[in-house]
Amino acid sequence: MDKKGRYRQWLRLLSLLLLALGLANLGKAVVAARYAALLPNLPMTVPWGYWIAMGTLWGVVLTGCGVALWQRRPWSRWATLAAATLYQAHVWLNHLLFDASDYARQTRPRDLVLSALFLAFVWGTLNWPRVRNLKRTRNL
């Protein structure tokens, strides 16, 4: 495989990862809406509406970034870098503010490693010189 094919392969893999994350967040929003209907009086640290709204927001944003990156839109690189970084910041804000169980606190080191790997993959892939010039090289 030539260099051009290798870059394209990694970019497609990143696109699919973002698409999967986006669809998972949309699924999370649907499940939260279902639980909100079934368990409206369940005591929680955050209301159901928050989880529905955040799942929908991140689902749309990450799915949009995945599709735009797959299509190699000129703005997709910066949008993906911003979305992935803000998504992880939001995930960690939720961990620090709303984790209520001991198990959730025990898994923080693992979650930190997974977040770091995700961000390293996103930033590493999107900062390759050939990918960085996405606007100029549509036929990457």
- Placing each pseudo-label 7 Å from Cα in the direction of the beta carbon, Phe121 and Asn41 end up separated by a distance in nanometres of 4.4
- Over the residues of the range 55-120, compute the C-alpha Rg and express it relative to 2.2 N^0.38 Å. 1.29
- Give the angle, between 0 and 90 degrees and rounded to the nearest 10, that separates the Cα long axis of helix 108-126 from the longest principal axis of the Cα atoms of the chain. 30
- Which of the peptides 55-66, 18-29 is most tightly packed, and how do the rest follow, going by the mean number of other Cβ atoms within 10 Å of each residue? 55-66, 18-29
- Taking the Cα centre of the chain as origin and charging only Cβ (+1 Lys, Arg; -1 Asp, Glu), how large is the dipole, in debye to the nearest 20? 1060
- Query: Roughly to the nearest percent, how much of the accessible area of the range 2-77 is carbon and sulfur, given a 1.4 Å probe?
  - Reply: 70
- Query: Pairing the Cα long axis of helix 76-98 with the longest principal axis of the chain, what angle in degrees results, from 0 to 90 and rounded to the nearest 10?
  - Reply: 20
- Query: Rounded to the nearest whole Å², what accessible area per residue is found for the range 11-140 with the 1.4 Å probe?
  - Reply: 58
- Message: So if I restrict to the alpha-carbon atoms in the chain, what is the Rg, and what is Dmax, the biggest pairwise distance, in Å?
- Response: 17.3, 58
- Task: Place +1 on the Cβ of every Lys and Arg and -1 on the Cβ of every Asp and Glu in the chain, take the dipole about the Cα centre, and give the residue among Gln106, Val122, Trp70 whose Cα lies farthest towards its positive end.
- Result: Trp70
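The values are calculated or read from the model by the stated rules, or taken from the named source; none is laboratory data. In this text the structure is predicted, and so the values were computed from the model without any measurement. Cβ: placed from backbone, ideal geometry, glycine included. Neighbour counts: every protein chain shown. Side chains included, ligands, DNA and RNA excluded: accessible areas come from the protein's heavy atoms. Shrake-Rupley method; radii C 1.70, N 1.55, O 1.52, S 1.80 Å.
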